[in-house]
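Q: Below you'll find the structure I mean.
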Amino acid sequence: MKLSFFSRNKSNNIKRKINFIDLSRQRKSRNHLGFTLKNIIDKNIKNVMDHGQYILGPEVKLLEEKLKNFTNSKYCIGASSGTDALLLALMALGISENDEVITTSFSFFATAEAICLLKAKPIFVDINPNSYNIDHTKIEAKINSKTKAIVAVSLYGQPANFTEINKIASKHSIPVIEDAAQSFGSEHHGIKSCNLSTIGVTSFFPSKPLGCYGDGGACFTNDAKIAERIRRISLHGQEKRYTHTQIGINGRLDTIQAAILLAKFDFYPSEIKKRSKIAQYYSQKLNEINISFTPLIEKFNSSVYAQFTIQINFRNEFQMKLKQNGVPTAVHYPQILPMQPALLDNANIEQITSANKESILASERVISLPFHPWIKESEINYIVNNIKNLISENKDFLIKD
C-alpha cells in the first residue's frame, strides 16, 4: 500500500518521494540466508498453487501454530479479516440482541460495527488522554445487568491496561476481548498482546504491522471451549460435514494469505525492533521542535507503533501544507464512534459530548506521519524539517496545553 507524492526540498532543491507506507521496500528485505521476502512469498504461493488446497490448506494450520506460539496462547484460529475475527469472538461469547458491550469511543468503526451486527448495543467509554486507550477508571460505572462483554482496543500499537481491565471484569464475571488489530507483537507486563484477555483478535490488513496482501485476521484464547466455538462458527456453525449446530459465518482465513503471512512472519521480530528505533529517532527530532509523539508508551507496555501519531492545532491546514511539500499524512480517527451517523442518537448529542471529551479532543488534533520499518533517516529529516518550517511560519500549530 502506497500513498506517495513527489516533492521538492525548497532549501536544497532536491526532488523527494515520500511514502506513507512502503510495502515495496519490505519485499526487498533479506533474511539471514540472503533470500528476499519476495522470493519466499513467490515460493510459498507456488506451493499453494501446486497442492491446490486453497481453503484451509496446510499453510493455515502451520500459521496458526506459529502465531499461537508467538503469543504464548493455547489456541489460535485464523479468520477472514480482523472485523470477522472480532465478530467471531463476540458470537463465541453468545452476544446477542439487547446485550450491552462496553468499548472505547476512539477507534476504527469496525470495533462498534461488530457489536451492532449482533443487535447488541455498544456502550462507549472515553479514553485515557495519555495512552489514547480506553480509560479503565471509567469502565465500572457503565456495568449493569445487561453488560455481557468488554472490548478494549489496543490503539496505535500498545496494549490497553488489561491488568486493571481484567480486575474489573473478573469482579463482575464479564469476559474481555482485546481488539489487537494494531498491537500484534507488543507486550503488557511482559505478556504478548492477543494473550491478555478472554479472547484476543487481530487483523492482517496490508497496512497493519504484520499484514498480508488482502484481508486476514486471527482469534486467540486459552479456553478450549471458546476456541472450539470460534472455529465452528467460522465454518458456518458446522459440527461435522453438512451438520450445522448453530448459525455461523464464512470466516476462514484463506490459504494464499496464510502462505504470505508465513513468509512475512519470519521477518516480523526484526521489523518490530526497527519500528522501535525509528520511533525513537522520530521522537528525538520532533522533541527538538516541541512536538511529542501523542500516545505515552506506558512503562509496563511495549509498542509496535502501528502508526506514528502526533497532535496539532488547525489540522486541516497543517495537513494540506505538508501535502503541498510532498509529505503524506493520515488521520486515525477524525470522528469518535458514538458520533458516527450510523450510531448517533440525536437526542443524546450533549451527553455524548460531555462523556467523551478526551476522545473528541483527540479526534480533532491527531495526525499520523509516514512511518514504516524501511523509512530512511533522510526521509524523516525531510518530514521533520517541513514541519519545522510550518511551525516557524505559524506557532499556533503547536499544542500548548
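The values are calculated or read from the model by the stated rules, or taken from the named source; none is laboratory data. Only a predicted model underlies this, so the values are computations on that prediction, with no experimental measurement involved. So basically every Cβ, Gly included, is an ideal-geometry build from the backbone, and we count neighbours across all protein chains shown.
Q: If you take the residues of segment 270-292 that are assigned to a helix (DSSP H, G or I) and hydroxyl-bearing (Ser, Thr, Tyr), which of them is surrounded by the most Cβ atoms within 10 Å (Cβ to Cβ)?
A: 282
Q: Let me ask you something else. Can you name the condition, by its number, that residue 375 falls short on among (1) among the β-branched types (Val, Ile, Thr); (2) part of a helix (DSSP H, G or I); (3) more than 24 Å from residue 138 (Cα to Cα)?
A: Result: residue 375 fails condition (2) only.
Q: Restricted to segment 305-335, and to residues that are under 28 Å from residue 353 (Cα atoms) and among the aromatic types (Phe, Trp, Tyr), which residue is surrounded by the most Cβ atoms within 10 Å (Cβ to Cβ)?
A: The residue in question is 308.
Q: Please find, within segment 1-48, the residue that is modelled with the highest pLDDT out of those that are among the small types (Gly, Ala, Ser) and outside any helix (DSSP H, G or I).
A: Per the criteria, the residue is 29.
Q: On to the next question. Any residue in segment 70-92 that is at pLDDT 95 or above, loosely packed, with under 15 Cβ neighbours inside 10 Å and farther than 30 Å from residue 389 by Cβ? Let's see the steps before the verdict.
A: Step one: list which residues in segment 70-92 are at pLDDT 95 or above, which gives 70-92.
Then keep just the ones that are loosely packed, with under 15 Cβ neighbours inside 10 Å; that gives 72, 74.
Within this subset, residues satisfying the condition of being farther than 30 Å from residue 389 by Cβ are 72, 74.
Taking every residue of segment 70-92 in turn, at least one turns out to be at pLDDT 95 or above, loosely packed, with under 15 Cβ neighbours inside 10 Å and farther than 30 Å from residue 389 by Cβ.
Q: Still on this structure, I have one more. So residue 110 ticks every box in (1) without any contact (Cβ under 8 Å) to a residue 24 or more places away in the chain; (2) under 24 Å from residue 332 (Cβ atoms); (3) not charged (D, E, K, R) but one. Which box is left unticked?
A: Result: residue 110 passes all but (1).
Q: Anything in segment 75-107 that is touching a Gly at 6+ places or on another chain (Cβ under 9 Å) and either assigned to a helix (DSSP H, G or I) or closer than 25 Å to residue 345 by Cβ (or both)? List them, or say none.
A: Listed by number, the residues that qualify are 82, 83, 84, 85, 86, 87, 88, 89, 91.
Q: Then there is this: Let me confirm something: among 295, 338, which residue is surrounded by 20 or more Cβ atoms within 10 Å (Cβ to Cβ), touching a helix residue (DSSP H, G or I) at 6+ places or on another chain (Cβ under 9 Å), not in a loop (DSSP other than H, G, I, E, B) and not hydroxyl-bearing (Ser, Thr, Tyr)? Talk me through it step by step, then tell me what you get.
A: Details: 295 fails: not in a loop (DSSP other than H, G, I, E, B).
Exactly one residue qualifies, and that residue is 338.
Q: Across segment 108-149, what is the total count of residues that are of a type outside the set (Lys, Arg), assigned to a strand (DSSP E or B), under 18 Å from residue 355 (Cα atoms) and out of contact with any Lys or Arg (no Cβ under 6 Å at 6 or more places or on another chain)? If you could, list the steps in order and put the result at the bottom.
A: Initial filter on segment 108-149 (of a type outside the set (Lys, Arg)): 108-118, 120, 122-137, 139-141, 143-145, 147, 149.
Now drop any that are not assigned to a strand (DSSP E or B), which leaves 122-125, 127, 134, 147, 149.
Checking which are under 18 Å from residue 355 (Cα atoms) leaves us with 122-125, 127, 134.
Going one step further and asking which of them are out of contact with any Lys or Arg (no Cβ under 6 Å at 6 or more places or on another chain), we end up with 122, 124, 127, 134.
So the count comes out to 4.
Q: Follow-up question, since we're still on this one. Considering only segment 30-77, state which residues are among the hydroxyl-bearing types (Ser, Thr, Tyr) and either closer than 30 Å to residue 222 by Cβ or outside the structural domain of residue 199 (by the TED database) (or both).
A: The answer is 71, 73, 75.
Q: Which numbered condition trips up residue 205, out of (1) touching a strand residue (DSSP E or B) at 6+ places or on another chain (Cβ under 9 Å); (2) surrounded by fewer than 24 Cβ atoms within 10 Å (Cβ to Cβ); (3) on the phi > 0 side of the Ramachandran plot?
A: Residue 205 satisfies all of (1) touching a strand residue (DSSP E or B) at 6+ places or on another chain (Cβ under 9 Å); (2) surrounded by fewer than 24 Cβ atoms within 10 Å (Cβ to Cβ); (3) on the phi > 0 side of the Ramachandran plot except (3).
Q: For residues in segment 150-188 being part of a helix (DSSP H, G or I) and among the β-branched types (Val, Ile, Thr), which is surrounded by the most Cβ atoms within 10 Å (Cβ to Cβ)?
A: 165
Q: Under 30 Å from residue 165 (Cα atoms), touching a Leu at 6+ places or on another chain (Cβ under 9 Å) and buried (at least 22 other Cβ atoms within 10 Å of the Cβ), is that true of residue 194? Walk me through it before giving the result.
A: Details: under 30 Å from residue 165 (Cα atoms): yes; touching a Leu at 6+ places or on another chain (Cβ under 9 Å): yes; buried (at least 22 other Cβ atoms within 10 Å of the Cβ): yes.
Taking the combined requirement at face value, the residue satisfies it.
Q: Of the conditions (1) in contact with a Lys or Arg (Cβ under 9 Å, 6 or more places away or on another chain); (2) at pLDDT 95 or above; (3) under 25 Å from residue 180 (Cα atoms); (4) buried (at least 17 other Cβ atoms within 10 Å of the Cβ), residue 386 clears all except one; give me its number.
A: The single condition residue 386 does not satisfy is (3).
Q: Of all residues in segment 273-328 being within 16 Å of residue 159 (Cα to Cα) and aromatic (Phe, Trp, Tyr), which is nearest to the chain's Cα centre (by Cα)?
A: The selected residue is 305.
Q: Name the pairs whose Cβ atoms lie under 6 Å apart, with the first residue in segment 210-229 and in a helix (DSSP H, G or I), the second surrounded by 15 or more Cβ atoms within 10 Å (Cβ to Cβ), and 6 or more positions between them or separate chains?
A: 226/92; 227/75; 227/221; 229/92
Q: Within segment 345-352, is even one residue over 17 Å from residue 312 (Cα atoms), of a type outside the set (Lys, Arg), out of contact with any Asp or Glu (no Cβ under 6 Å at 6 or more places or on another chain) and outside any helix (DSSP H, G or I)?
A: yes
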